[in-house]
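The values are calculated or read from the model by the stated rules, or taken from the named source; none is laboratory data. Note that the structure is a prediction, hence the values are computed from the model and not measured. Neighbour counts run over all protein chains shown; Cβ positions are idealised from the backbone, glycine included. Surface areas here come from the heavy atoms of the whole protein model, side chains and all, with no ligands, DNA or RNA. Shrake-Rupley method; radii C 1.70, N 1.55, O 1.52, S 1.80 Å.
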Amino acid sequence: MQEKIKILMDLLEINKAQSTDIVGRYLQDVKDIHSFLDYYFETLEKEKIIGTTYEKLRLVCKKAEIEFKKRFEDKEIFLGWLKSKYKNSPFFRLLENDFKYSYLCRDGQGKLYKKLAKSINMLVCLNNFGELTYEDGEALENNEFKHALIDFIFKNQERIGKNTYINTSYGIKEYKFLSYEEEYDNFKNKQKKKFEENQEEFKNKTKVKMAFKNIS
């Protein structure tokens, strides 16, 4: 522990109290402090983190804790990590028969029963709103398959980001990364469509009322 404290003090020029806090809180179990420092500088460059060296260290340590430990232990933390890291991109190749799941449905007499199903061959993506989608951008329904899929990905995190572009019998379309302007244009188009639909509905209701008034 003392060696790690000294390395942080010498290389990052922070004081002993700050170095002791960082090592004691985050880095006691780190075997290679130099590998951590490589990760620290890469993260700073990639994410443009600002603040004092001590503040940057704490932020990077928290990120590292999630990246290398907590996301494997807590599903909610995992989902937060997934959305921040793979937003608006494909991230997981699901294969046919990877897992089985059951869901409720009704028979011809209307009685409920459980039906067994298997996973399909698909590319799992996240859209710009952090929602799980198919590779064509269609959002997954909040049903048994979606929850079984999340459980499977959580338990198989080593497969995340791998083989997302391999050719299979399931045709993969190129996933389009949208700019902020494109996302905003999509939002405006949706709002415009909704307004036009509401306006059309209002006109139809007005016609009905006028027709009723004329009959009266």
Legend entry - Under-5 Å amide H pairs with residue 126, H placed in peptide plane, nonlocal only: 88, 89, 91, 133
Inset, instruction - Return the sequence-ordered ³J(HN,Hα) values of the range 94-105 in whole Hz as given by the Karplus equation 6.51 cos²θ - 1.76 cosθ + 1.60 applied to θ = phi - 60°, using x for Gly and Pro. - result: 9, 9, 4, 6, 4, 8, 10, 8, 10, 9, 7, 8
Legend entry - residue 131-residue 13 pseudo-label distance in nm [points 7 Å out on the Cα-to-Cβ vector]: 4.9
Inset, instruction - Express the carbon and sulfur contribution to the solvent-accessible surface of the range 99-139 as a percent, rounded to the nearest whole number, probe 1.4 angstrom. - result: 50
Inset, instruction - Can you tell me the alpha carbon radius of gyration of the range 67-176 divided by the globular rule-of-thumb value 2.2 N^0.38 Å? - result: 1.15
Inset, instruction - Kindly provide log₁₀ I(q)/I(0) values, in the same order as q = 0.13, 0.16, 0.18 Å⁻¹, from the Debye equation applied to equal alpha-carbon scatterers of the range 9-139. - result: -0.75, -0.94, -1.07
Legend entry - Accessible area per residue in Å² at 1.4 Å probe, computed on the range 53-103: 57
Inset, instruction - Take the Cα pairs of the range 79-118, get the Kirkwood Rh, then feed it into Stokes-Einstein at 37 °C and 0.692 mPa s and tell me D in µm²/s. - result: 246
Inset, instruction - Could you please state how large a percent of the accessible area of the range 13-92 is carbon and sulfur, counting protein chains only and using a 1.4 Å probe? - result: 49
Inset, instruction - For residue 161, enumerate residues with amide H under 5 Å from its amide H, sequence gap 5+ or separate chain, H modeled in the peptide plane. - result: 92, 93
Legend entry - Positive minus negative residues near residue 92 (Lys, Arg vs Asp, Glu; Cβ under 9 Å): +3
Inset, instruction - Compute the projected area of the convex hull of the Cα atoms of the range 1-82, averaged over all viewing directions, and report it in nm² to one decimal place. - result: 5.5
Legend entry - Karplus (6.51, -1.76, 1.60) ³J(HN,Hα), θ = phi - 60°, over the range 66-74, in Hz, Gly and Pro reported as x: 6, 4, 10, 9, 5, 5, 7, 10, 10
Inset, instruction - Enumerate the calculated ³J(HN,Hα) couplings along the range 9-24 in order (Karplus 6.51 cos²θ - 1.76 cosθ + 1.60, θ = phi - 60°), each rounded to whole Hz, writing x wherever the residue is Gly or Pro. - result: 4, 6, 7, 9, 6, 9, 7, 5, 4, 5, 5, 5, 5, 5, 5, x
Inset, instruction - Tell me which residues come under 5 Å, amide H to amide H, from residue 98 once H is placed; ignore anything under 5 positions away on its chain. - result: 119
Legend entry - Within-15-Å neighbourhood charge of residue 79 [Cβ basis; K, R +1; D, E -1]: +2
Inset, instruction - Would you mind counting up the charge near residue 33? Only other residues with Cβ under 9 Å from its Cβ, with Lys and Arg at +1 and Asp and Glu at -1. - result: 0
Legend entry - the range 14-151: relative contact order as a whole-number percent, Cα under 8 Å and 6+ apart: 16
